[in-house]
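The values are calculated or read from the model by the stated rules, or taken from the named source; none is laboratory data. Remember, it's a predicted structure, so these values are computed and weren't measured experimentally. Don't worry about glycine lacking a Cβ; one is built from the backbone with ideal geometry, like all the others, and counts go over all protein chains shown.
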Amino acid sequence: MKDKVAILTGATSMIGRACARLFSEHGMKLMLVGRSLEKLEKIANDLPGIVEINALNSLSENEIKKMVIKTVSLFGHIDAVVQNVAIYPWKYIDELTLDDWQGALDTNLTSAFLVSKASFSEMKRHRNGKFVFLSSIAGETIGLPHMAAYAASKAGLNGFMRTAAIEFSKYNMNVNSISPGKVYDEQTLTKKEVNEKLLSVPLRRFVKPIDVAEMALFLVSEKANNITGQNFIIDGGQSVLGEEAHIRS
């Protein structure tokens, strides 16, 4: 992976930070993308490899195009794009506003379209590349209460991924997604909260950010050259067991 170039969006999140560190440790050159310049600088300064940063509005097509052009200008090409931008309107359907709904679709789905389109325009010249989307089991295998907007956006993302896999294949590009289950920092939870949240996870352990990062690294590597259009679930068995019924009082 040495000297491979990757764009990583949502780089300041738990999973984004894990991907940034793992990719950097494997010698990849990174363009970290997020909203907060301060947070991006802090992450970049703590990484061992060659890292550039770009703060932008994830819904600005112009800013995204400039970021892609900047990446090519600095590194010469783009080998991989890993997208991890998401928001979670935590509301029941009858509580969701149109702004909540549209915000989730825009941030979680439209931003992925914009970054993919801009990156593809540059990457197809080299007829090579990998795209990885961070999705969710909520958008693929399991229904969860108070997550309608988020689930809809992630289901849309998986559909977009599969279509992109077909369209980009003629340029020798691979497109896949990863759907994590429960990702928590156990240090922020009480023992009781941990036990309660793990009731719906057969392996009785949370997904760790590094678990997702390891899969992302594999999918952008040459080891995954014949894998495309697939959604990889990492959830400790949660989607197999299913979520316990939630009855709203």
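Quick notes on this one:
- From the options 197, 191, 182, 117, residue that is at pLDDT below 95, of a type in the set (Lys, Arg) and within 17 Å of the chain's Cα centre (by Cα): 182
- Within the stretch 1-27, if we keep just the residues that are without any contact (Cβ under 8 Å) to a residue 60 or more places away in the chain and at negative phi, the residue that is surrounded by the most Cβ atoms within 10 Å (Cβ to Cβ) turns out to be 20.
- Some residue of the stretch 93-108 being under 26 Å from residue 223 (Cβ atoms) and among the hydrophobic types (A, V, I, L, M, F, W, C): no
- Any hit, the stretch 207-214, residues being modelled with pLDDT of 90 or more, of a type outside the set (Lys, Arg), under 30 Å from residue 128 (Cα atoms) and in contact with a strand residue (DSSP E or B) (Cβ under 6 Å, 6 or more places away or on another chain): yes
- For residue 144, the stated conditions hold: it is touching a residue at least 60 places away in the same chain (Cβ under 8 Å) and more than 28 Å from residue 129 (Cβ to Cβ).
- Within the stretch 213-237, if we keep just the residues that are farther than 15 Å from residue 6 by Cα and charged (D, E, K, R), the residue that is surrounded by the most Cβ atoms within 10 Å (Cβ to Cβ) turns out to be 235.
- Residue in the stretch 122-130 that is assigned to a helix (DSSP H, G or I) and under 30 Å from residue 72 (Cβ atoms) present: yes
- Checking 213, 164, 152 one by one, the residue that is farther than 30 Å from residue 28 by Cβ and either assigned to a helix (DSSP H, G or I) or in contact (Cβ under 8 Å) with a residue 40 or more places away in the chain (or both) is 152 and no other.
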